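The structure under discussion appears below in the form of structure tokens.
The values are calculated or read from the model by the stated rules, or taken from the named source; none is laboratory data. Being a predicted model, the structure only gives us computed values, none of them experimental. FYI the Cβ positions are ideal-geometry reconstructions off the backbone, even for glycines, and counts take in every protein chain you see. Remember, those area values only see protein heavy atoms, side chains included, never the ligands or the DNA or RNA. Shrake-Rupley method; radii C 1.70, N 1.55, O 1.52, S 1.80 Å.
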Amino acid sequence: MGENATSSAEAAPAVAELDPPNRTLMGPGPSDVHPRVLRAMSTPLVGHLDPSFVELMDEVQDLLRYTFRTDNEWTIPVSGTGSAAMEAAFGNLVEPGDTVLVPSNGYFGDRMASMARRAGGDVVTVDAPWGEPLDPADVESALAAHDPDVFGFVHAETSTGVLQPDVPVLTEAAHDHDAFVVADTVTSLGGVELRVDDWNVDVAYAGPQKCLSCPPGASPLTLSDEAMAKVLDRETDPRSWYLDLSLLEGYWGDERAYHHTAPITNVYALREALRLVAEEGIEARWERHERLASALKAGVEAMGLAMNAPDAYWLPSLNAVCVPEGVDDGAICDAVLEGYDLEIAGGLGDLAGEIFRIGCMGHAARPENVVLTVTALGDALAEAGADVDTDAGVRAVRESLR
Ligand SMILES: *Cc1c(COP(=O)(O)O)cnc(C)c1O
């Protein structure tokens with residue numbers, strides 16, 4: 001500490017009233033929160049076992065089933081961010097000694113590997129370059145070579161802007177090899193087509209702050225009866241007490257007994273965010289994301305930029321746009337944040353410096369946000385000396401939305 005630093009133990013710190021900047025969130029998450037969700041978060045608390053809350057828990061579970069397109073009984077919000085739901089999935093399903101097959105084509109496949117390893121699993125990978133999806137033929141040969149107990153894949157890879165196509169083909173191949181399928185649907189749930197039951201996904205988890213436009217804190221998770229049977233048949237307890245589904249069952253199942261205090265306010269928020277999904281209709285919501293992201297794509301292309309993913313695996317909720325030669329992506333992101341109060345992000349891992357990551361998620365997927373994003377990105381790039389035509393980009397957005 002410097003000479004003049006005061007000790008907080010002695011004097012009360014003088015901290016100004018909360019006044020964060022008013023950003024438009026078009027990055028990889030969190031996304032703009034709907035005002036109705038913010039209002040729900042300022043309603044008074046009840047106890048986590050209050051009869052009114054117990055009723056509300058049922059509503060949240062029904063709304064989650066609707067949004068996941070599943071009848072799975074084991075459908076709950078996990079206390080914590082998307083990574084908590086992810087760890088609940090891997091930490092419960094994977095037993096020590098299980099073989100777990102995960103993808104190596106993005107940041108979140110790597111996180112699956114870390115979690116599966118911590119759960120005591122032996123991790124093997126199916127490979128594809130960052131920026132490309134898994135090839136079903138490669139998944140088939142990895143399944144044949146390793147005979148895994150669990151196969152995890154990322155439906156919407158937020159680090160690369162890749163949508164994994166052919167999900168039913170992957171799940172069928174995995175089931176032919178008696179592997180359970182875990183899908184990371186953090187950036188797809190409520191944003192792009194996802195059908196847990198029709199596609200025979202055994203376990204799916206998500207996060208509230210991506211396409212559901214809800215603050216992080218309570219994260220969707222669903223398991224089939226068969227997957228839950230594996231969890232309940234474990235020989236050893238999962239390493240996490242907090243995320244042990246056999247214990248959480250006591251609270252979210254019929255008993256409704258205390259395990260840990262539910263994050264009441266986050267559950268209120270999730271309920272309202274999911275009500276918005278139900279009001280809009282899940283398929284209409286997928287269609288809106290595609291329509292608004294198509295306008296964004298038309299805009300950046302007309303401006304003179306290229307999308308990193310071809311249409312076959314373009315991810316509407318997270319658009320990977322190639323950074324033009326000689327441009328520093330970090331400086332552009334800083335410029336749009338500074339000049340337009342707009343958040344977008346650069347690339348990660350193998351795609352660091354190569355792509356901008358522009359989200360089009362939930363409540364943020366609106367015409368005014370798309371126009372702002374194309375304008376701000378074009379202006380910042382032109383300012384940095386890149387050869388872009390911002391006006392042509394904005395015209396293309398308007399035509400696309402007409
Ligand atoms: C954001 C994200 C996560 C992790 O969620 P957190 O809320 O940051 O813990 C996991 N997987 C994918 C694909 C994500 O985009």
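Stretch Glu73-Glu301 to full length: gain in nm at 0.36 nm per residue minus the Cα-Cα span?
Values: separation 228, 0.36 × 228 = 82.08 nm, distance 4.41 nm.
So the chain would gain 77.7 nm between Glu73 and Glu301.
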Collect residues whose amide H, placed 1.01 Å from N in the peptide plane, falls under 5 Å from the amide H of Thr24; neighbours closer than 5 in sequence don't count. Leu342, Glu343
Running a GNM on the chain with Cα contacts under 10 Å, which residue among Gly121, Gly330, Gly27 ends up with the highest mean-square fluctuation? Gly330
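Arrange the residues Trp74, Trp286 by how much accessible surface each exposes, largest first, with a 1.4 angstrom probe. Each step should come with its number before you reach the end.
Working: Trp74 50, Trp286 25 Å².
So the residues, ranked largest to smallest area, are Trp74, Trp286.
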For the chain, the charge dipole (Cβ of Lys, Arg +1; Cβ of Asp, Glu -1; about the Cα centre) points to a positive end, and the Cα of Ala145, Gly161, Trp252 closest to that extreme belongs to Trp252
Distance in nm between Thr261 and Asp127 label points, each 7 Å along Cα→Cβ, equals 4.9
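Among Tyr258, Tyr66, Tyr251, Tyr313, what's the order by accessible area (1.4 angstrom probe), most exposed first? Each step should come with its number before you reach the end.
Working: Tyr258 140, Tyr66 70, Tyr251 5, Tyr313 40 Å².
My answer, sorted largest first, is Tyr258, Tyr66, Tyr313, Tyr251.
Below 10 angstrom from the Cβ of Tyr340, what's the summed charge of the other residues (Lys, Arg +1; Asp, Glu -1)? Before the final figure, lay out each step's value.
On the way: positive: Arg23; negative: Glu338, Asp341, Glu343, Asp379.
For residues surrounding Tyr340, the net value is -3.
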Interchain or sequence-distant (5+) residues whose placed amide H lies within less than 5 Å of the amide H of Leu318 are Cys360
Which cross-chain or sequence-distant (5 or more) residues have an amide H under 5 Å from the amide H of Val123, H modelled 1.01 Å from N in plane? Val100
With each label point set 7 Å from Cα along the Cα-Cβ vector, what nm distance links Val46 and Ala312? 5.2
Just how much of Asp334 is accessible, in Å², when a 1.4 Å probe is used and the result is rounded to the nearest 10? 100
Can you give the FRET efficiency for Glu338 and Ala382, using 1/(1 + (r/R0)^6), R0 = 25 Å, r = Cβ-Cβ distance, to the nearest 0.05? 0.95
With a point put 7 Å past each Cα toward its Cβ, work out how far Arg291 is from Ala392 in nm, to one decimal. 2.7
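Using only helices, what value at 222 nm comes out for the chain when you add -39,500 (n - 2.57) per DSSP H run of length 4 or more and divide by the total residues, to the nearest 500 deg cm²/dmol? Intermediate results must be reported in sequence, preceding the final value.
Values: 13 runs with 165 residues, N = 402.
Mean residue ellipticity, 222 nm, calculated: -13000 deg cm²/dmol.
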How high is the FRET efficiency from Ser141 to Arg118, r the C-beta distance, R0 22 Å, rounded to 0.05? 0.25
Along the charge dipole of the chain, pointing to its positive end and built from +1/-1 on Cβ of Lys, Arg, Asp and Glu, which listed residue (Tyr313, Tyr205, Ala376) has its Cα farthest out? Ala376
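With +1 on the Cβ of every Lys and Arg and -1 on the Cβ of every Asp and Glu, and nothing else charged, how large is the dipole of the chain about its Cα centre, in debye rounded to the nearest 20?
Working: 25 positive and 67 negative charges, 230 e Å.
It works out to roughly 1100 debye.
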Can you sort Thr265, Thr125, Thr390 by solvent-accessible area, 1.4 Å probe, largest first? Thr125, Thr265, Thr390
Can you give the accessible area of Met307 in Å² (nearest 10), computed on protein heavy atoms with a 1.4 Å probe? 30
Using the Cα centre of the stretch 1-78 as the reference point, and only Cβ charges (+1 on K/R, -1 on D/E), how large is the resulting charge dipole? Debye, rounded to the nearest 20. 320
Let me understand the stretch 35-279 better: what is its radius of gyration from the alpha carbons, and its Dmax, in angstrom? 17.3, 55
Whole angstrom only: what separates the Cα centroid of the stretch 266-285 from the Cα centroid of the stretch 287-336? 27
